[in-house]
Each structure stands twice: as structure tokens, then as C-alpha cells.
Amino acid sequence: MNRSWKNLGEFLQFLESKGELVRVSSEVDPRLEMAEMALRSVRTGGPALLFERPKGGSMPVAMNVFGTEQRTAWALGAESLSEPRQRIEGLLRLKPPGGLGEILSDLPAALENLQNLRALGPKRVSRAACQEVVKEGGNLDELPIITCWPKDGGPTITFPLVITKNPETGQQNAGIYRLQRYGKDTLGMHWQVHRVGAENYRRYARRKEEMPVAIVIGADPTTVFSALAPVPEGISKFAFSGLLQGRSVELVPCRTVDLEVPAEAEIVIEGTVTPGELHVEGPFGDHTGYYSLPEEFPVMHVRCVTHRKNPVYLTTVTGKPPTEDAVLGMAVTDLFLPVIRMVLPEVVDMALPMEGLFINVGVISIHKSFPQHARKVMHALWGLGQLMFVRYLIVVDHDVDPHDMREVLYRVGLQADPQEDLTIVEGPVDQLSISNRVENVGGKLGIDATKKWPEEAYPRPWPEETKMDPEVVRRVDELLGSLPPLKKALSPRR
Ligand SMILES: Cc1cc2nc3c(=O)[nH]c(=O)nc-3n(C[C@H](O)[C@H](O)[C@H](O)COP(=O)(O)O)c2cc1C
């Protein structure tokens, strides 16, 4: 499959045709009931849900749209995640050229890549589906904003693309940051300190200027995915989305603020944030499975709400994994491996297990080629974008599968000496982390579980791993071929 989705509606239709979307025609309460139903669906590998009659609401609510790896791949216009990963690999052209001759012979391909990049950048349009209905002033009470957990501070927009701009360069950004509804025209901007939205806010604060913000609810699924992906700052998320889907994202100017939003979006909330105006946000049942504590965040004042004639409200519920955002996190890890390999070619594979919330525990396999190589990789990863948040980083040799936790524990227990092979550092940690004594700052542990070398002050000979003689393996295979019941009995069980 190699296709793109014009908008969310088109993707939902596709999911329905595949039997992967179920319409819920009974009345369901956006307060807790939808979250509970969506959680049950994601935890059983169930379908996307379209709540057609939200209690007190005027528009249908879509949940668990990305809730399986297959649906996430489809959302990116592919049958499996390997397709977009290959697209990213192609764009990065991982192999560094060997010399002038190779550069020249690759020049046409490089130029074609450049042309493609330019052609797939966002395009501006003047008329847009997302502005079929324009409501000056806007009234958030008309939206079916859900409450996920009983002790949440209030109804929260959980899956919005928050569009902000760098006032110095004009570069726009889209990030997924939840927004608590305070009143019919105010929202809490939960952009954590390390996010681009927060950095843009600090830039406006330094200039003492009002910050324009646009909230997009329900864009085409590739653009939604791009907004949550750790795309390096400076690369537009819309351009990234265009590259992933092989089609430019169309943007339309907002009605009341100087920002552009995806023309095919379902709902757009336009408004401004005044630097220095803060309000308590939370508690909120977070990705951690705990309620994040109430904390002050900036406030957005709504100026206008625009939407399609028949919009769908896209939302999600966070909590202890497995959840929809955990499925998305797995896809992000998979897709961004080529980006990591571009900076660290010695990296073979990486696992950020969902139980570790993607930022608490990481395992990385490397081609070790010099003493203390594992430590070099740890420090490099702690300096690489959102990987700075990983609290426990385990490095294993190239022949160990980092996704096989049994094998990883075997290697850690056997090959890492707690006196010699641990590296403890201090640095920035995720704002949602709870074990650190000071918010946003904490310790990180690197475990070098690679085989030790003499140059690493390992004075003894490293023992040889037991491996059966290949000739004996072949002979036993042959023997078992003539003994089917025994062969079956000796086959690996699921
Ligand atoms: C469902 C969902 C909810 C999220 N909520 C928040 C949030 O409330 N605040 C936040 O800072 N990041 C949140 N994130 C993570 C960011 O979207 C993610 O780190 C993204 O890469 C940030 O983009 P940026 O680097 O452009 O700021 C959420 C992600 C998902 C998938």
C-alpha cells in the first residue's frame, strides 16, 4: 500500500471498510464513559470507536484510531511500518559517500531527492474545509471534550495539534500537548518545558508580545502522527508529514491569528496566550498511570472556532500502557531508528519498551569497535533530542536482540559488573517523571552489558560462549526428520 489520506474522515471510512472501526450508536457520556470504553478497546487490540451520540454533544467522537500497529501503519499510508521507515532511510541516504567519484555518481539521485523535498513542502490555499463554519468568539461548550479519569481537574482536549510559531524566524511548529478546558473560552496549555511550544512561549515572553496559538483537532492521520514525532526543531512537522505521505499538506491562514493550519482539519480553535498569565492545570491521569500533580501553565484565550460542516472530534485517553499513545510511541521508535543511525552508525537496533514509557528504559545494541564504546553511545544518546529523557540505558553487543528482554537480562546479569560497568549522570528528565526529587532534573544510569575487552581493564581472558558443533546440529536435524513425533515434541512452543 502506498497512499495518502486527504483528511481524517477519509481514513475513518477506510478503517470501517476494513472492519476496524465500530460505530457506537447509543448515547455515551464524554465524562469517563468514552475513556473507559476506548481503554478496553486498545487493551484487547480492538477497533477504533466512533461515538455517534456523545451525551450533550453536537458532533461524533473518534477514539482509538491509532490503537494497533496495523492501524498506525495504515495511518501513514502503508501496509506495515517498514515502508515509511524505508522512506525515511531513503531520504537520509544513510550511506556516506566514499569519495568525489561516488558523490558525482550519486548527484542525480541527490538532486532528485532535493526536488522531491521542495515539492512535498506545505502548500498554502485560500479556501478550506476547516473553515466551512466560522464562529467568532467561539464556545468550547459546544465541543464534546472528554474527561478521562475520575480525579482529573476538568475536561481535557487530549489529542490536539498545538500550532505555535517562532517569532524570530516565523517557523511554525505542531506538537501534541493536552489542553484543560477552564471555561467556555479559556484553555490550559500543558506544553512541558522541553517542548517546542514552551520554547516559542519563552520567546514571546522575552519580547513581551501576545502569542498566537491555533489548536487543530483531527487532521489527516499522517499529520497527527508527525506532530507527536520527535522531529528535530527546525524541520517543519508539516514538511515531515508531506515527506511521509508523498503529498504536500495544504495549509490555510487562520481567521484571527497569524498562523496557518491544515486546510482539511476537522476543528480549529484560534486564540492567544499572554506571557505571564498562568493557571493551575491538572491533576490529570497521565501516560505514567499516575495523576500528574496540579501545576501552573499558560492560559489560551479563544478568539474564534472554525470547523467543517460535519466535523469529527478526535481524542484519546492516556494511562498506564498499553494505551493508544503507547502504540504510537512504538511506531515512533521504529521509524526514527534510521535517524539515530545517521548520527551513530555503530547502532544496530534499539528498544524503548512501552512498559518503560519509552523514556524510562532503553536498550541499544552496537557494533563495539573501541574500548568504552558503550559509554560513548550512552552519552551521545543522552544528548540526542528526546532521548535525553532515558533514565536507564542498557548497551549490548550487536548480536543481542534488544527487544528480547530475557536475553537482555541474561546479558546484564552476566556481563555487567556493578562496580565497573555503571555510569551515573545527572541531567534533564521528563517533566512527568516522578522518582526525581526535583522536577525536570534527575539521575540517569547507563549499564554497559557488552563483552569486556582487555583494554577496558578486564584482566582475565573473556570466556568463549558455548555453541554446538554445526555438523552435529545438521546431523540431529536429519535424525529428527525421520522421527516426526520427537521432532514435534522438540519444536519451540509458543
Ligand atoms: C496523546 C499524546 C498526548 C501528549 N500530551 C502531551 C502534553 O500534554 N504535553 C507535552 O508537553 N507533550 C505531550 N505529548 C508528547 C509530545 O507531543 C511529543 O513529545 C512531541 O514530540 C512534542 O513535539 P515538539 O518537540 O514539537 O514540542 C503527548 C503525546 C501524545 C501522543
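Just one of the listed residues (217, 146) is buried (at least 24 other Cβ atoms within 10 Å of the Cβ) and over 23 Å from residue 5 (Cα atoms), namely 146. Of all positions in region 306-321, at least one carries a residue that is β-branched (Val, Ile, Thr) and more than 15 Å from the ligand (Cβ to nearest atom). For residues that are more than 16 Å from the ligand (Cβ to nearest atom), surrounded by 15 or more Cβ atoms within 10 Å (Cβ to Cβ) and of a type outside the set (Gly, Ala, Ser), tally how many sit in region 373-387. Number of matching residues: 7. Sub-6 Å Cβ pairs linking a first residue in region 362-377 that is over 12 Å from residue 393 (Cβ atoms) to a second residue that is modelled with pLDDT of 95 or more and among the hydroxyl-bearing types (Ser, Thr, Tyr), at least 6 apart or interchain, are 368/450, ordered by first then second residue. From the list 414, 393, the one residue that fits, being farther than 30 Å from residue 284 by Cβ, at pLDDT 95 or above and either touching a strand residue (DSSP E or B) at 6+ places or on another chain (Cβ under 9 Å) or in a helix (DSSP H, G or I) (or both), is 414. Of all residues in region 159-176, those satisfying the criterion of being surrounded by fewer than 24 Cβ atoms within 10 Å (Cβ to Cβ) and either within 14 Å of the ligand (Cβ to nearest atom) or of a type in the set (A, V, I, L, M) (or both) are 165, 166, 171, 172, 173, 175, 176.
Regarding residue 226, is this residue surrounded by 24 or more Cβ atoms within 10 Å (Cβ to Cβ) and without any contact (Cβ under 8 Å) to a residue 40 or more places away in the chain? The answer is no for residue 226. With respect to (1) free of Cβ contacts under 8 Å to residues at least 12 places away in the same chain; (2) part of a loop (DSSP other than H, G, I, E, B); (3) over 24 Å from residue 379 (Cβ atoms), the lone exception for residue 436 is condition (3). From the list 341, 375, the lone residue that is of a type in the set (Lys, Arg), closer than 22 Å to residue 403 by Cβ and outside the structural domain of residue 37 (by TED's automatic domain parsing) is 341. Just to be sure before I move on: is residue 212 touching a strand residue (DSSP E or B) at 6+ places or on another chain (Cβ under 9 Å) and over 14 Å from residue 173 (Cα atoms) in the structure I sent? Judged against the criteria, residue 212 is not a match.
In region 399-408, the count of residues that are over 30 Å from residue 231 (Cα atoms) and either away from the ligand (no atom under 16 Å from the Cβ) or outside any strand (DSSP E or B) (or both) is one or more. Picking from residues in region 181-216 that are among the small types (Gly, Ala, Ser) and under 19 Å from residue 296 (Cβ atoms), the one that is nearest to the ligand (Cβ to nearest atom) is 197.
The values are calculated or read from the model by the stated rules, or taken from the named source; none is laboratory data. All figures in this text were calculated on a predicted structure; none of them were measured in a lab. Counting neighbours? That spans all protein chains shown, and the Cβs are built from the backbone with ideal geometry, glycine included.
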